[in-house]
Amino acid sequence: MIDDFEDMDGRINNNAKQDGYWFTYNDGTGTQVPAAGAEFAPSGIVAGGANSSVAAGKSTGMGFTGYGAGVGVHLNTPGQGDAAVAPPIGLFDASAYSCLVFTAKSASATPNTVLVQLGTPSTISNLEPAGTCNGIASQCDNDYSASITLTADFKQHTVLFADMKQGSYGLMNAPGLMSELTKIVELHFQFNAPANATFDMTFDDVGFGTACSATQ
Ligand SMILES: [Ca+2]
Ligand SMILES: [Ca+2]
């Protein structure tokens, strides 16, 4: 389990080789809660999680006119948020798993499609920690992605690694997620504008799975 939010902080459930803090990010044109650059908790944590649990993560946004906005986490950054100097961004080995699993719901008035994304060094700009893409903004950060339609009530989603592909923008020359499973840098849930310029996602029980079968 990456995070079940039950401790109501902005840090994932750290364990061997897995630690990090949730963050939000956006194109700067709209309004997002939690605000980009702010601590994820408390405004990114809400009471009433999936499966009768205590708490879940949440991000809302509106008015985005650029690429959009999202919420994400670096998966192997021990000490992030505690250190005076930001620690190196590490790699997480997900090769023991075959899918991402998460439970989410949307309170947006318009149907929301969220891109579930995994970034590796080859997809991330070399101007960012751990990235090796060429540094040209329009060509990098084309992470391995799958599109999920959110529902009004909590629903569990399974996203097979094998179904996560680079999008049809920027460079599409990363070697493929299945050959980079040992080098996962970050997980994102992204709402691309204009179709998803307004969003309201509550998410919970985010983790990696084995023996996965895809469900939408
Ligand atoms: Ca929970
Ligand atoms: Ca936590």
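The values are calculated or read from the model by the stated rules, or taken from the named source; none is laboratory data. Just so you know, these numbers come straight off a predicted model, no measurement behind them. All Cβ positions, even for glycine, are placed from backbone atoms using ideal geometry, and neighbour counts span all protein chains on display.
Structure notes:
Yes or no, residue by residue, for (1) in a strand (DSSP E or B); (2) within 15 Å of ligand 2 (Cβ to nearest atom); (3) at pLDDT below 95; (4) among the hydrophobic types (A, V, I, L, M, F, W, C):
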site: G57; (1), (2), (3), (4): yes, yes, no, no
site: T65; (1), (2), (3), (4): no, no, no, no
site: V71; (1), (2), (3), (4): yes, yes, no, yes
site: A83; (1), (2), (3), (4): no, no, yes, yes
site: I89; (1), (2), (3), (4): no, no, yes, yes
site: S95; (1), (2), (3), (4): no, no, no, no
site: F102; (1), (2), (3), (4): yes, yes, no, yes
site: T110; (1), (2), (3), (4): no, no, yes, no
site: Q117; (1), (2), (3), (4): yes, no, no, no
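- Considered as a group, the residues in the range 1-17 that are farther than 19 Å from G49 by Cα and within 12 Å of ligand 2 (Cβ to nearest atom) include one that is surrounded by the most Cβ atoms within 10 Å (Cβ to Cβ), and that residue is N14.
- Residue in the range 131-142 that is surrounded by fewer than 22 Cβ atoms within 10 Å (Cβ to Cβ), closer than 19 Å to A56 by Cβ and out of contact with any strand residue (DSSP E or B) (no Cβ under 6 Å at 6 or more places or on another chain) present: no
- Search result, residues across the range 182-216 that are of a type in the set (A, V, I, L, M), more than 16 Å from ligand 1 (Cβ to nearest atom) and more than 17 Å from G68 (Cα to Cα): I184, V185, A211, A214
- Looking only at the range 18-44, residues that are within 16 Å of ligand 1 (Cβ to nearest atom), among the hydrophobic types (A, V, I, L, M, F, W, C) and surrounded by 21 or more Cβ atoms within 10 Å (Cβ to Cβ) come to 2 in all.
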